[in-house]
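The structure appears right after this line, and notes come after that.
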Amino acid sequence: MGTSEFAKEILKSIIDKVDVALVVSQPDSLVGRKQVLTPSPVKTFATLNNIEVFTPQNIKTDFSKIEEVQPDLIVTCAYGQIIPKTLLDLPKLGCINVHASLLPKLRGGAPIHRAIMDGLEETGITIMYMDEHMDTGDVIDKDTVKIDLDDNLDSLTQKLIVCAKALLIKTLPTLIDGTSKRTKQSDSDATYANIIKKEDELIDFSRKTREVYDKIRALDPAPGAYFTMNGEVVKVYSSEMGLGKGTPGEIINIYKDGIGIATQDGEIIVKEIKLAGKNRIKVRDYLNGIKRDNLLGVVCNEK
């Protein structure tokens, strides 16, 4: 059971290791400016590999198809719906989840974004038995992944996919032969990775440079952090930490390939942007088409 690119890679890693009787994914969704009805990455991959796919609108009330299959084991990863207790109790080997954090840290729907945004130096993969609550079940196994200073959402996701595949393949035989471990989570040590909302995407230049930098890379390539400049929304996809000083939010330096905006304790140098209705471009290309001096002194996010 899964929906995202991450989940697709998990499915891809196990289809030749076990008999996948059924794939469950979210219904097709409208994507892009033209709002084209598009299947999830998991559904697309399963269909190409001749695996039956079930896409209920609400898994809490529509799960008879899964009952018909009578699975021995249910594996979930980034599915996007809460699984009802009836399904959790159905397979004899249980329901497990592949979660992209070191539980009980970063329970919730955006653990990769939040790990970077929170400035963590490491995260990882946890494989756990599912219960009725979000990411609170007993831990079967986990493995750690280092977060480098230049990692963004995409690069860290790729690291975690590699880790998740290896850990799941290692874990599956223990689930089948009944030798897997169960370790209860400590709720007192739990932190949460809430889904990214629009207000989380706005850059607050009154924060420290490192915090701004972490937010930008945490949201690159999607959904993208943003600020406003002269009333226009500017999405940011790449940046560097600089040493300039000024009033937070003020453009204080124009570099050959970047725009320096003051933060609480320095500056963030914006390197790659996207303006409304335009393509993502390098800042050096943007600067080639405007009068650079007109930017100095502009206060970003000014209403």
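The values are calculated or read from the model by the stated rules, or taken from the named source; none is laboratory data. In this text the structure is predicted, and so the values were computed from the model without any measurement. All Cβ positions, glycine included, derive from the backbone under ideal geometry; neighbour counts span all protein chains shown.
Which residue is surrounded by the fewest Cβ atoms within 10 Å (Cβ to Cβ), if the candidates are limited to segment 89-132 and must be among the basic types (Lys, Arg) and assigned to a loop (DSSP other than H, G, I, E, B)? Top of the filtered list is Lys92.
The residues of segment 60-71 that are in a loop (DSSP other than H, G, I, E, B) and either free of Cβ contacts under 8 Å to residues at least 40 places away in the same chain or not assigned by TED's automatic domain parsing to the domain that holds Leu168 (or both), listed by number, are Lys60, Thr61, Asp62, Phe63, Gln70.
Looking at the structure I just gave you, is Lys235 touching an Asp or Glu at 6+ places or on another chain (Cβ under 9 Å) and either assigned to a strand (DSSP E or B) or in the same structural domain as Ala110 (by TED's automatic domain parsing) (or both)? Yes; evaluated as a whole, the condition is true for this residue.
Only residues that are of a type outside the set (Val, Ile, Thr), assigned to a helix (DSSP H, G or I), without any contact (Cβ under 8 Å) to a residue 60 or more places away in the chain and surrounded by fewer than 16 Cβ atoms within 10 Å (Cβ to Cβ) were counted across segment 134-188, and they come to 7. For segment 238-251, give me each residue that is free of Cβ contacts under 8 Å to residues at least 40 places away in the same chain and part of a loop (DSSP other than H, G, I, E, B). Answer for segment 238-251, where residues must be free of Cβ contacts under 8 Å to residues at least 40 places away in the same chain and part of a loop (DSSP other than H, G, I, E, B): Leu243, Gly244, Lys245, Gly246.
Of the residues screened, Ile203 is not one that is β-branched (Val, Ile, Thr), closer than 30 Å to Glu240 by Cα and exposed (fewer than 13 other Cβ atoms within 10 Å of the Cβ).
Determine whether segment 240-248 contains at least one residue that is surrounded by 19 or more Cβ atoms within 10 Å (Cβ to Cβ) and farther than 30 Å from Ile195 by Cβ. Within segment 240-248, one or more residues are surrounded by 19 or more Cβ atoms within 10 Å (Cβ to Cβ) and farther than 30 Å from Ile195 by Cβ. Looking across segment 40-54, the residues that are surrounded by fewer than 20 Cβ atoms within 10 Å (Cβ to Cβ) and in a loop (DSSP other than H, G, I, E, B) come down to Asn49, Asn50, Ile51, Glu52.
Quick grid of which residues meet (1) closer than 25 Å to Val69 by Cβ; (2) of a type in the set (A, V, I, L, M, F, W, C):
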| residue | (1), (2) |
| --- | --- |
| Lys105 | no, no |
| Ile116 | no, yes |
| Tyr129 | yes, no |
| Thr144 | no, no |
| Ile147 | no, yes |
| Leu153 | no, yes |
| Ile161 | no, yes |
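If the condition is being touching an Asp or Glu at 6+ places or on another chain (Cβ under 9 Å) and either assigned to a helix (DSSP H, G or I) or within 14 Å of Lys256 (Cβ to Cβ) (or both), then segment 287-303 contributes only Leu287. Have a look at Asp265, Asp220 and point out the one that is buried (at least 21 other Cβ atoms within 10 Å of the Cβ), touching a residue at least 24 places away in the same chain (Cβ under 8 Å) and in a loop (DSSP other than H, G, I, E, B). The unique qualifying residue is Asp220. Restricting Pro84, Pro41, Pro56, Pro71 to those that are under 23 Å from Ala222 (Cα atoms) and not acidic (Asp, Glu) reduces the list to Pro41.
A single member of Glu302, Glu272 is acidic (Asp, Glu) and in the same structural domain as Leu219 (by TED's automatic domain parsing), and it is Glu272. Taking the criterion of being assigned to a loop (DSSP other than H, G, I, E, B) and either modelled with pLDDT of 95 or more or within 19 Å of Met1 (Cβ to Cβ) (or both), the residues of segment 17-39 that qualify are Lys17, Val18, Asp19, Val20, Ala21, Leu22, Ser25, Gln26, Pro27, Asp28, Pro39.
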